[in-house]
Amino acid sequence: MVTMMFLIAATLSAEPKPQMVLPKIGESVALPQIKEICEYYGLHALWLKIERDPPLRPFKSDGCTGWFDEWKGVSLYPPGFLHDLKYWAGYPGEDVERLAADAELMMDIARLLGSTEMAETMFHGVRVGGSEKLNAPFSWGFGRKPVFSKTNTTEVNRSSN
């Protein structure tokens, strides 16, 4: 427990990295740009996962799903975008990876706002609302859900794209 508290305190005191210009809400993001974003934010393991097995669906962020994208003049979009990216690339059953993504969102929001209240509220919201069991369009692993064509109800094969 002491180790966990030390890690949280050390993480909160870390200087936030300057933000890069991220794609707009709803904009499709190509793999080369995802690679650049992952490199910029140090998400090397996430990029390796995506590069090894790219999700079937294109990546688009909806910002802070069902929440504010700005709070008291501070944009919450960058942490929401990175959280969406992690959810998009997730595999079914990756409970620990999902918990880590949600905790990272909480820490990023706490750093941005200099407070934990909003960060903890958002953490609890994504823990409940982001479960793959809900099968929502933003649930964990949303990029890996089968893609269906509009004219055919069978799954579109990755090789046919």
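Of 45, 10, 110, all but one fail to be out of contact with any Leu (no Cβ under 9 Å at 6 or more places or on another chain) and modelled with pLDDT of 95 or more; the exception is 45. Out of the residues in segment 28-66 that are in contact with a helix residue (DSSP H, G or I) (Cβ under 8 Å, 6 or more places away or on another chain), outside any loop (DSSP other than H, G, I, E, B) and among the basic types (Lys, Arg), which is surrounded by the fewest Cβ atoms within 10 Å (Cβ to Cβ)? The selected residue is 35.
The values are calculated or read from the model by the stated rules, or taken from the named source; none is laboratory data. What you see is a predicted model, and the numbers here were worked out from it, not measured in a lab. Here Cβ is always computed from backbone atoms with ideal geometry, including for glycine, and neighbour counts include all displayed protein chains.
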